[in-house]
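The values are calculated or read from the model by the stated rules, or taken from the named source; none is laboratory data. Since we're looking at a predicted model, the values are computed, not measured. For neighbour counting, all protein chains shown are included, and Cβ atoms are generated from backbone atoms with ideal geometry for every residue, glycine included.
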């Protein structure tokens with residue numbers, strides 16, 4: 001059952017998606033505007049919805065990515081409390097946490113850019129629906 005807050009998030013998410021699709025016509029155009037304040041706020045909102053509604057936590061690597069497996073943008077990941085592990089991969093928690101030790105669940109800025117690569121029927125709600133499984 002949806003609460004008023006859930007309905008508001010769904011409505012805001014749809015508006016955000018419509019705004020992004022209306023302002024940008026290609027992935028390249030959006031990538032060129034990566035530092036635009038609107039995109040920063042949009043990525044923050046998408047990540048914060050995951051934090052507040054699905055219990056993820058924000059992480060950010062303070063140095064540039066050294067390999068394609070690292071993330072140099074803020075991302076959300078599973079909380080430490082998941083089954084006493086570092087993430088959803090089942091490895092024991094050694095007290096040290098970074099992107100190598102956990103499953104990155106979402107890089108919000110990447111998800112926004114991916115909207116312009118996916119079919120029209122693939123929506124931002126699909127980013128959140130992965131938490132239902």
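If you go through the range 37-62 one residue at a time, how many are farther than 21 Å from residue 79 by Cα and touching a helix residue (DSSP H, G or I) at 6+ places or on another chain (Cβ under 9 Å)?
Of the residues in that region, 4 qualify.
Residues checked against (1) modelled with pLDDT of 85 or more; (2) assigned to a loop (DSSP other than H, G, I, E, B); (3) over 23 Å from residue 20 (Cα atoms):
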{"site": "31", "(1), (2), (3)": "yes, no, no"}
{"site": "64", "(1), (2), (3)": "no, yes, yes"}
{"site": "76", "(1), (2), (3)": "yes, no, no"}
{"site": "89", "(1), (2), (3)": "no, yes, yes"}
{"site": "109", "(1), (2), (3)": "yes, no, no"}
{"site": "116", "(1), (2), (3)": "yes, yes, no"}
{"site": "126", "(1), (2), (3)": "no, no, no"}
>> Would you confirm whether or not the range 42-49 contains a residue that is at pLDDT 85 or above, touching a strand residue (DSSP E or B) at 6+ places or on another chain (Cβ under 7 Å) and surrounded by 11 or more Cβ atoms within 10 Å (Cβ to Cβ)?
In response: yes
> Can you name the condition, by its number, that residue 53 falls short on among (1) at pLDDT 90 or above; (2) in a helix (DSSP H, G or I)?
Replying inline: (1)
> Mind checking which residues of the range 46-62 are touching a residue at least 40 places away in the same chain (Cβ under 8 Å) and within 22 Å of residue 19 (Cα to Cα)?
Replying inline: 46, 47, 49, 50
